[in-house]
1. Under the classification rounded if a/c is under 1.5, otherwise prolate if a/b is larger than b/c and oblate if not, where does the range 44-106 fall, given a ≥ b ≥ c as square roots of the Cα gyration tensor eigenvalues?
2. Would you mind getting the Kirkwood hydrodynamic radius of the chain from its Cα pairs, rounded to one decimal in Å?
3. Across the range 40-48, in residue order, what do the Karplus-derived ³J(HN,Hα) couplings come to in whole Hz, using 6.51 cos²θ - 1.76 cosθ + 1.60 with θ = phi - 60° and x for Gly and Pro?
4. Rounded to the nearest 500 deg cm²/dmol, what is the calculated helix-only ellipticity per residue at 222 nm for the chain, with -39500 (n - 2.57) per DSSP H run of length n ≥ 4?
5. May I ask you to derive the relative contact order of the chain, considering only C-alpha pairs under 8 Å and at least 6 residues apart, and to give it as an integer percent?
6. By the gyration tensor of its Cα atoms, with a ≥ b ≥ c the square roots of the eigenvalues, what is the shape of the range 13-72: rounded for a/c under 1.5, prolate for a/b over b/c, or oblate?
7. Taking θ = phi - 60°, what integer Hz values does the Karplus form 6.51 cos²θ - 1.76 cosθ + 1.60 yield along the range 76-90, in sequence order, with x for Gly and Pro?
8. If R₀ is 35 angstrom, what is the calculated FRET efficiency for the pair Trp24 and Asp79, using the beta carbon separation as r and rounding to 0.05?
Amino acid sequence: TDHPPNMARGPKKHLKRLAAPKHWMLSKLGGIWAPRPSTGPHKLRECLPVSLVLRNRLKYALTRREVNMITMRKLVKVDGKVRTDMNYPAGFQDVITLDKTDENFR
């Protein structure tokens with residue numbers, strides 16, 4: 001290999017809780033990791049992953065695994081399109097729709 005041993009390879013996959021944006025309002029002591037939003041229509045600092053919306057804001061799930069089950073059943077729509085990626089970056093003005101409960105959130 002030609003690269004020095006301390007060089008990063010590829011895009012970042014993880015996000016520590018303390019490095020997460022403050023407006024996500026995560027507790028400091030609630031674990032080590034925060035859900036890193038996937039690459040998408042909104043910047044990392046200006047979005048909220050769908051998993052945080054379902055778990056921390058709306059209290060529909062308690063764990064990451066439950067969020068995964070909800071999204072994989074295709075129950076979550078962002079701006080009218082079904083999103084199965086639980087780290088999908090929902091923007092400030094995006095409408096999140098849950099068909100089961102007939103609720104819309106912005």
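Readers should treat all values here as calculations from the given coordinates under stated rules, not as data from a laboratory. Quick caveat: nothing in here was measured; it's all calculated off a predicted structure. Cβ: placed from backbone, ideal geometry, glycine included. Neighbour counts: every protein chain shown.
1. On the way: a/c = 1.42, a/b = 1.11, b/c = 1.28.
Rounded, since a/c falls under 1.5.
2. 14.8
3. Along the range 40-48, the couplings run x, x, 10, 6, 4, 7, 10, 9, 9 Hz.
4. On the way: 1 runs with 9 residues, N = 106.
About -2500 deg cm²/dmol.
5. Relative contact order here is 22 percent.
6. On the way: a/c = 1.59, a/b = 1.16, b/c = 1.38.
Cα axes put the range 13-72 in the oblate bin.
7. 3J(HN,Hα) across the range 76-90, in whole Hz: 10, 10, 10, 6, x, 10, 5, 10, 9, 8, 6, 9, 4, x, 8.
8. On the way: r = 20 Å, r/R0 = 0.58.
Efficiency computed from Cβ-Cβ geometry: 0.95.
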